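J.: The structure that follows is given in the form of structure tokens.
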Amino acid sequence: MRALATWQDKCIDSQLLVASLVGLFKQRELDGDKLLRGTGIFAADIRKPDHLISPKQLARLLDNALAQWPSGDLSFLLGQLWLPSQSGALTAGLFCARDLKELTHFWHKYHWLTQPWLQTWRWQGEQEWHFLLSLDLGMQRHKQFFIELSLSSLTACCKQLLGQAWRGSICFPYSAPDNLAHYYKYFGMDLRFDAPLCRISMAKTLLRQPSLFASQSLVYSQSDNVDTHCAGDARLPSPSQTFTHLEATSFDQDIQHPRSPLRPQLNMAKGARQALLAQEFRLGLAAGIRLKLMRRTLSLPEMAQLLEMSPATLKRRLGEMGLTYGQLVDESRLIRALYYLAEPEQDAQSIATSLSFSDASNFRRSFKRWTGQLPGYFRYWLA
């Protein structure tokens, strides 16, 4: 695994969210100097190629922005600006997507290029594809903002490419907000709150709907494998195989070589991959730890040893992000537990054993602490 970005590491491209935010403030004639005050970000640097900022700088910028913005729609407006302001291989790849399945797959795999604050997991149920979102770079006090921003950018992108409103269900990991009207406007009516994790679900039939630009994209032979499988998309016995993630996927498994000598889609995907490989960081510290915990339960000293740092340093770096190691252990166990609960043959004792709990009662108590409900309540949450 490559180096994991921490609170101080400059790993976020300022030409996307930061530039859009500054532009929106200018358009609304709000105080741009006050927006950047105390961030260490200067207007002259924002448009420079390869200019990066740290999570710490972004968090301060958002504090300033939310303090000035007169309404509760800032994250949604920025989400609508995301695709028009984005450029390069990622947007090209999205516009070459044949359908929503390819679009969501491409976004899932390369989202670090434009939304590095996210960690995503996905798998398929019988009728739907599910995505889970966690924050990669900490910034817990801005969790609602980043979820609103990321989902509004995704639904706006789907609308532009399909020519109609996005349809699906979303569960949010917080109580219903005051700006609920914006949720209905941008996300539809099938919404739930107070969920244990952020979950986006889309019907498989919707994912197969052709993009408006499909006729301009490369035409595949019907006999080609066009499912763009990511390692672990199938429902496999181990969560470390089932939950797909950036570091756990193989590019060659994602985009199949078409038979035609013209390969624009493949080239766009390669362009995104090359851009990703050029990044010094591809994961934040929180995401890297979760990824390891999805494979096996590790104590804090064991994790610190794997990351080649002392336990005290690991605690300090997580503390800067507003996190504790115990929180990441609990969240990783919760994700794995929800996967197991979607399997009818898994009982409480077998799940407890898989998650390294001493017995089923201990697992049930922990699950209720995580979610407020007993495991049976979420038995088919991701089925």
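The values are calculated or read from the model by the stated rules, or taken from the named source; none is laboratory data. Worth saying up front: this structure is predicted, and the values here are computed from it rather than measured. As a convention, Cβ positions derive from the backbone with ideal geometry for all residues, glycine included, and neighbour counts pool all protein chains shown. The accessibility values were calculated without ligands, DNA or RNA, using every heavy atom of the protein model including side chains. Shrake-Rupley method; radii C 1.70, N 1.55, O 1.52, S 1.80 Å.
J.: Among residues belonging to segment 298-308 that are assigned to a loop (DSSP other than H, G, I, E, B) and open to solvent by 40 Å² or more (accessible area, probe 1.4 Å), point out the one that is nearest to residue 140 (Cα to Cα).
T.: Looking at residues that are assigned to a loop (DSSP other than H, G, I, E, B) and open to solvent by 40 Å² or more (accessible area, probe 1.4 Å), I get 299.
J.: Out of everything in segment 1-22 that is of a type in the set (Gly, Ala, Ser) and touching a residue at least 40 places away in the same chain (Cβ under 8 Å), what residue ends up being surrounded by the most Cβ atoms within 10 Å (Cβ to Cβ)?
T.: 5
J.: I need the full set of residues from segment 125-155 which are over 21 Å from residue 188 (Cβ atoms) and either crowded, with 22+ Cβ neighbours inside 10 Å or not basic (Lys, Arg) (or both), in order please.
T.: The answer is 126, 134, 135, 136, 137, 138, 139, 140, 142.
J.: Listed residues 66, 62; which is assigned to a helix (DSSP H, G or I), under 29 Å from residue 160 (Cα atoms), open to solvent by 50 Å² or more (accessible area, probe 1.4 Å) and not charged (D, E, K, R)?
T.: Unique residue meeting the criteria: 66.
J.: Right, here's the next one. Can you tell me which residue in segment 55-73 is nearest to residue 118 (Cα to Cα), limited to those that are of a type outside the set (Gly, Ala, Ser) and touching a residue at least 60 places away in the same chain (Cβ under 8 Å)?
T.: 55
J.: Would you mind stating whether residue 152 is at pLDDT below 85, small (Gly, Ala, Ser) and at negative phi?
T.: no
J.: May I pose another question? Taking residue 34 as the residue in question, decide whether it is assigned to a helix (DSSP H, G or I), out of contact with any His (no Cβ under 9 Å at 6 or more places or on another chain), under 22 Å from residue 141 (Cβ atoms) and free of Cβ contacts under 8 Å to residues at least 40 places away in the same chain.
T.: Yes, satisfied.
J.: Which of the numbered conditions does residue 189 fail, given that it passes all the others? Conditions: (1) in contact with a Cys (Cβ under 6 Å, 6 or more places away or on another chain); (2) exposed (fewer than 12 other Cβ atoms within 10 Å of the Cβ).
T.: With (1) in contact with a Cys (Cβ under 6 Å, 6 or more places away or on another chain); (2) exposed (fewer than 12 other Cβ atoms within 10 Å of the Cβ) applied to residue 189, the lone miss is (1).
J.: Further question on the same structure: Please go through segment 1-31 and pick out each residue that is in a helix (DSSP H, G or I) and of a type in the set (A, V, I, L, M, F, W, C).
T.: 17, 18, 19, 21, 22, 24, 25
J.: Give the residue, chosen from 181, 195, 165, that is surrounded by 15 or more Cβ atoms within 10 Å (Cβ to Cβ) and of a type in the set (Gly, Ala, Ser).
T.: 195
J.: Could I ask something else about it? Does residue 103 fit the bill of being more than 19 Å from the chain's Cα centre (by Cα), crowded, with 21+ Cβ neighbours inside 10 Å and of a type outside the set (Asp, Glu)?
T.: no
J.: Checking the structure you have, find out if any residue of segment 278-289 is farther than 16 Å from residue 3 by Cβ and in a helix (DSSP H, G or I).
T.: Looking for residues that are farther than 16 Å from residue 3 by Cβ and in a helix (DSSP H, G or I), one finds none in segment 278-289, hence no.
J.: Quick one: is residue 228 at pLDDT below 75, in a loop (DSSP other than H, G, I, E, B) and on the phi > 0 side of the Ramachandran plot?
T.: Yes, satisfied.
J.: Out of curiosity, is residue 27 modelled with pLDDT of 90 or more and either surrounded by 13 or more Cβ atoms within 10 Å (Cβ to Cβ) or not acidic (Asp, Glu) (or both)?
T.: yes
J.: Could you go through segment 78-95 and let me know if any residue there is within 18 Å of residue 200 (Cα to Cα) and open to solvent by less than 10 Å² (accessible area, probe 1.4 Å).
T.: yes
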